[in-house]
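Quick notes on the structure that follows.
Computed from the coordinates by the stated procedures, all read-outs in this text should not be read as laboratory data. If you're wondering where the values come from, they're calculated on a predicted model, not measured in any experiment. Using ideal geometry, Cβ is built from the backbone for each residue, glycine included, and neighbour counts are taken over all protein chains shown.
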Ligand code: HEC
């Protein structure tokens, strides 16, 4: 009697698991990223809703939210998909490819609620259970030198939660990131001063403290200054290009071009 009960239980749970895995809400499978060669995007099935959805997608420094515009070959970054909108049930797929549509970079283990898998020449990263925050990150290491421009494509939905493909909003986006060439990824010597994260926002940070930092606009006016610090506050500066003049501890000057976002 016990035996029969047990096997019935096992069959019942396998059946439930099978249903869960094949549900579209837990990721449609295939390639629906909207990238070249994909089988369309989420909008091939979903439509009809409006949740003021906006999508941002691309590559960021680890833990950061600012999308980079050029990558250093072989460096570890994160792929970051972010939906803004009023839905509390969101899903996505994303992929990083080169101009001919082949996968670029390597993905870290997918965080909970997402997975990665191969689809043709691409690696697809997508949700396995819908998210209420609409923000997903995964470790992504840039390809070796010579791979060229990477484009990240993503297709997402902001669902109404009716467990159907109607009444949902589809948002798609992409971002191209160029390969940094050796001329702009120069080696840093021990005493050299570098600006961390140029183009920069709110605060200019150096890798070391200096006698003074002064920032000049294009018309030659000094617009910000700090003394004996490795930082200078530039929160008040409008977007644009500036010069950062550094008075080093050895009383020598250095001039660096600065772009403020
Ligand atoms: C081939 C058709 C098809 C495609 C393409 C598709 N879906 Fe779906 N999706 C469905 C169907 C059908 C349902 C409802 C039934 C279910 O949940 O299995 C659904 C349900 C969902 C739900 C739950 C919706 C709700 O209102 O409760 C989410 C979230 C979802 N899909 C995300 C996505 C995302 C993200 C994509 C694109 C990357 C996508 N789907 C592409 C067919 C599709």
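Table for the structure above
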quantity: Computed [θ] at 222 nm, deg cm²/dmol, the chain (DSSP H ≥ 4; -39,500 (n - 2.57); rounded to nearest 500); calculated: -3000 deg cm²/dmol
quantity: Overall form of region 191-260 per C-alpha gyration tensor (a/c, 1.5; a/b vs b/c); calculated: prolate
quantity: Residue 248 versus residue 214: modelled label distance in nm, points set 7 Å from Cα along the beta carbon direction; calculated: 1.9 nm
quantity: Sequence-separation-based contact order of region 10-179, relative, with Cα cut under 8 Å and 6+ spacing, percent; calculated: 32 percent
quantity: Per-peptide average of other Cβ atoms within 10 Å, ordering 151-161, 229-239, 119-129 highest first; calculated: 151-161, 119-129, 229-239
quantity: Using alpha-carbon coordinates, inclination of helix 2-22 to the longest axis of the chain, degrees; calculated: 50 degrees
quantity: Neighbour-count order for 261, 225, fewest beta carbons within 10 angstrom listed first; calculated: 261, 225
quantity: Cα shape, the chain, gyration tensor, a/c 1.5 rule; calculated: prolate
quantity: Residue 145 versus residue 98: modelled label distance in nm, points set 7 Å from Cα along the beta carbon direction; calculated: 1.6 nm
quantity: Packing-based order for 31-39, 56-64, using average beta carbon neighbours within 10 Å, highest first; calculated: 31-39, 56-64
quantity: Rg and Dmax of region 105-151, Cα atoms only, in Å; calculated: 12.4, 39
quantity: Relative contact order of region 191-260, defined on C-alpha pairs under 8 angstrom at six or more residues apart (%); calculated: 32 percent
